[in-house]
Amino acid sequence: MSSIVIAQGGGPTAVINQTLCGAIVAARRHDPSLRILGARHGVRGLTRGDLVDLAQLSESDLQRLAHTPNSGLGSTRDKPDANYCESILAALQKAEARAFVYIGGNDTAGTLEILRRQSTGSCSFVHAPKTIDNDLMENDHVPGFISAAAFVANAFVSVDLDFRAMPGIYVGIVMGRHAGFLSAAAAGWQQSRDDAPHLIYSPEKPFSVAQFLDDVDAVYTRIGRCVVSMSEGVQDEAGRPLAEALAAGSVERDAHGNLQLSGGDLGIEIQRALKERFPKARARVDTFGYLPRGYLGVIDETDAKEAFEAGAFAAQSAFTAGSGSVVLHYDGHHTAPRIVALDRVAGRTRHMPDGFFDGASAISEEGRRYFKRLLPRRADIFTPFV
């Protein structure tokens, strides 16, 4: 009996299970007799035959799964070589798979493109998008980003209120290895020049600790507080991640060669630099770490809906259009999924456009409009007296 195999790769998000459930529902509609198999922990579980029957999930369980954040099937960052891919293809053949839907980021799309090239069978390979980094090519935005961006925006409004009440300097270090969309997201809720974050630093612009301290000094002098959003992937003038430069060679990388950035070393060094420059100021650095990417308390409705639709479209495309990568297209009024060739997404990184920046530490009006369009409505809070 033929099957469709679904797996999840890379970091979890708040809505990745919506994508999974969308694929399950679409596969059921396409062929009620089709086996729907979920691979535990991505391609690693697939090669080990560690599969779960998803076709038997009740409607109530599907609803609960869809609204549960983080990867319900488990994930992996394995980077398959040629031999690994042969094992994956053999496992798919054993499962009589007509389609393999892999939910993930650009590394996941890269794995599917390798499988597509090596495959001699009739299995379709479809990439369903997810990443809080929002850095997949061809997408206006990516499922998972809006919920994470809402977490970040809420966090900076809350911190701004704190530091209005008790002035000082605050730096929030936000996930984002190569692109600064998430660290910049809170700009969509800025209503005046004095709203946080007052300074935003992303990987797209060279970062200098000395210039950063001068920037903070200027804001702190002007309004008596300074709230900063800093991407964990900020790079020095030589293009090297600052976290790597500060770690003096003792860095960890995943199987894809990606630097592990969420350990807190960058925050420690930024805290030290602030204390040296502003010894009498209330200064605090927090590393948001994994919290924004799958936080139960902030799951955006639009994000959930689009994630489900992306999964459903991925499964439909696997049976009708063949291999490819599902992307979210925005036509100026509506967002809808469409499919493009895998090699247009696989292994590529989308950066924030130059037009989103106003210098090295601020977001332009164009950028703020983009984030405001995606974010939910800002809470209607009273403007403090201070």
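Any read-out appearing in this document is the output of simple, stated calculations on the displayed coordinates, not a laboratory observation. No experiment lies behind these values; they were computed from the predicted model shown. Counting neighbours? That spans all protein chains shown, and the Cβs are built from the backbone with ideal geometry, glycine included.
Numbers at a glance
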read-out: Distribution of pairwise C-alpha distances over segment 34-168, 10 Å bins, in %; value: 11, 34, 29, 15, 7, 4, 1
read-out: Which of SER364, LEU34, CYS85, positive extreme of dipole for the chain (C-beta unit charges); value: LEU34
read-out: Stretch gain in nm, segment ARG240-SER2, where the contour uses 0.36 nm per residue and the Cα spacing is subtracted; value: 80.9 nm
read-out: Ellipticity estimate at 222 nm from DSSP helix runs (n ≥ 4, -39,500 (n - 2.57)) divided over the chain, nearest 500; value: -11500 deg cm²/dmol
read-out: Burial ranking of peptide ranges 109-118, 49-58 (average Cβ count within 10 Å, highest at the top); value: 109-118, 49-58
read-out: Residue-by-residue Karplus 3J(HN,Hα) for segment 82-96, coefficients 6.51, -1.76, 1.60, Hz, glycine and proline x; value: 4, 5, 4, 5, 4, 5, 5, 5, 5, 5, 5, 5, 4, 7, 6
read-out: Net charge, CYS226 excluded, C-beta distance under 15 Å - Lys, Arg +1, Asp, Glu -1; value: +1
read-out: In order through segment 219-235: 3J(HN,Hα) via Karplus (6.51 cos²θ - 1.76 cosθ + 1.60), integer Hz, x for Gly, Pro; value: 5, 4, 5, 6, 10, x, 7, 8, 10, 10, 10, 10, 5, 5, x, 4, 10
read-out: Cβ-based net charge around ASP162, under 12 Å, with every Lys or Arg adding one and every Asp or Glu removing one; value: +2
read-out: Interchain or long-range residues, amide H under 5 Å from ALA97's placed H; value: SER3
read-out: Among beta bridges that DSSP assigns inside the chain, antiparallel share in %, nearest 5; value: 25
read-out: Charge sum, other residues only, whose C-beta stays under 15 Å from VAL15's C-beta, Lys/Arg counted +1 and Asp/Glu -1; value: -2
read-out: Among CYS123, LEU112, VAL101 the positive-end extreme of the charge dipole of segment 84-144 (Cβ point charges); value: CYS123
read-out: Difference of contour (0.36 nm per residue) and Cα-Cα distance, PHE385 to SER58; value: 112.4 nm
read-out: Full-extension gain in nm, SER87 to ASP358, via 0.36 nm per residue minus C-alpha separation; value: 92.7 nm
read-out: Amide H contacts of ASN70 (H built 1.01 Å from N, under 5 Å, at least 5 apart or other chain); value: THR13, ALA14, VAL15, ILE16, ASN17
read-out: Phi-based couplings in Hz for segment 345-359 (Karplus 6.51, -1.76, 1.60; Gly and Pro marked x); value: 10, 4, x, 9, 10, 8, 9, 4, x, 4, x, 7, 9, 10, x
read-out: Residues whose placed amide H lies under 5 Å from that of PHE125, excluding near-sequence neighbours; value: PHE100, SER323, GLY324
read-out: Förster radius 22 Å - calculated FRET efficiency between ARG348 and LYS79 (Cβ-Cβ, nearest 0.05); value: 0.90
